[in-house]
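Shown next, in structure tokens, is the structure this report addresses.
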Amino acid sequence: MVVRIGVIGTGAIGREHIRRISERLKGARVVAVNDVDRQQAQAVVETLGLEARIHDDGNALIASSEVDAVIVSSWGPTHEAFVLAAIAAGKPVFCEKPLAVTAQGCRQIVDAEMAAGRKLVQVGFMRRFDFAYRQLKQVLDSGDLGEALILNCAHRNPEAPGFSGDMALTDSCVHEFDVLRWLLDNDDYVSAQVITPRRTRLSEAELQDPHVILLRTRNGVHISIESFVNCRYGYDIQCQVVCEMGTASLPEPASVPVRHEARLSREVLTNWKDRFLTAFDVEFQEWIDATAAGEMHGPSAWDGYVVAVTSDACVKAKHSGRIEPIELPERPAFYRS
Ligand code: NAP
């Protein structure tokens, strides 16, 4: 079966997803696209030589009998309505993060999906599909190191043009919030504290950077995430897990050690797209395969909801200066399988 996909939002990442489905992945075809900017959608179709219908309305794309499954990669505030429409139409939907821009919106999606009685939603947390994170999880799951006690993580970008306010917490660290909970087998967060160290002089005016986010889980695991989105030197994702009988760290991306002019050096990536290129491919291939089989295995609507509640608590903690509770209802049985 070839899954016929409709894509809503042909901006930067929507275009990348259309290209990867059309040129690198198997088992799917992009048959419909929509963007508020019709000319942009048209240009994408022409540039990639697609045989795809251009819809003026995302809801019409979702309703189309030519479309089996939907990708939502439009601007964040539009996600919730499109995902709800896809659920109402009974179609699998892959939604780029955020699932919705409020925790309440995510909760509505969770409730709609449970009412539909079938898992239809996958959220675009691609780190779970990254080879390095999967290797790290394998080591933790082996049990050889005992239980995890402390996680020391860093999320560093060379620069963050367009970042404002609390975006480091709500837009960028959401990937850590998802992948760390996944590494810890859904050990939910119970509290958040956000420390605002001395500000780098190299960030945009008024932007607090770096942040240190401290999370505690139900099992008492202590997590520290340094978010530094103007670190200048490169795109650098770090994660070290301290366990009872050893430590395990996220492997570095492969690079050639160079000895030259009395120096030993290795390249550091500068772009998140290069770091997670393969993860995006794996993420979409697995989603296509699961969709063709009538299944859904990736990050769920519930995971999207947990991340939204967590980032809300982090924003609150940053502004209150206090340790704020993260209050989550029990994970419904629907999301445990
Ligand atoms: P972008 O370049 O601004 O693309 C968003 C596109 O959606 C734009 O073409 C925009 O049109 C269009 N759009 C806005 N409202 C729409 C509507 N009502 N119906 C249809 N299309 C609409 O942004 P992006 O970087 O591709 O990001 C898109 C989403 O992906 C965001 O939610 C972002 O957080 C997420 N993302 C995820 C990752 C990841 O690591 N997983 C990485 C990057 C982005 P206009 O430009 O005309 O407004």
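Report the residue count in region 164-222 for those that are in contact with a helix residue (DSSP H, G or I) (Cβ under 6 Å, 6 or more places away or on another chain) and in a loop (DSSP other than H, G, I, E, B).
Of the residues in region 164-222, 1 are in contact with a helix residue (DSSP H, G or I) (Cβ under 6 Å, 6 or more places away or on another chain) and in a loop (DSSP other than H, G, I, E, B).
Table: residues versus (1) over 23 Å from residue 177 (Cβ atoms); (2) acidic (Asp, Glu).
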site	(1), (2)
8	yes, no
14	yes, no
25	yes, no
46	yes, yes
56	yes, yes
61	yes, no
70	yes, no
98	no, no
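Which residue pairs have Cβ atoms closer than 7 Å, lie 6 or more positions apart in sequence or on different chains, and pair a first residue in region 308-328 that is touching a residue at least 60 places away in the same chain (Cβ under 8 Å) with a second residue that is small (Gly, Ala, Ser) and in a helix (DSSP H, G or I)?
308/103; 309/103; 312/103; 323/317; 324/313; 324/317; 326/313
Take the residues in region 155-182 that are at pLDDT 95 or above, buried (at least 19 other Cβ atoms within 10 Å of the Cβ) and among the aliphatic types (A, V, I, L, M); name whichever of them is nearest to residue 313 (Cα to Cα).
Here the residue is 169.
Report, by residue number, each residue of region 253-275 that is under 30 Å from residue 141 (Cβ atoms), touching a residue at least 40 places away in the same chain (Cβ under 8 Å) and either assigned by TED's automatic domain parsing to the domain that holds residue 16 or out of contact with any Leu (no Cβ under 7 Å at 6 or more places or on another chain) (or both).
Residues satisfying the conditions are 272, 273.
Name the residue, out of 244, 261, 295, that is farther than 20 Å from residue 176 by Cβ, modelled with pLDDT of 95 or more and touching an Asp or Glu at 6+ places or on another chain (Cβ under 6 Å).
Unique residue meeting the criteria: 244.
If residue 114 satisfies all but one of (1) buried (at least 16 other Cβ atoms within 10 Å of the Cβ); (2) assigned by TED's automatic domain parsing to the domain that holds residue 320; (3) modelled with pLDDT of 95 or more, what's the number of the condition it fails?
(2)
The values are calculated or read from the model by the stated rules, or taken from the named source; none is laboratory data. Note that the coordinates shown come from a computational prediction; the quantities given were computed from them, not determined experimentally. Note that each Cβ is placed from the backbone with ideal geometry, even for glycine, and that neighbours are counted across all protein chains shown.
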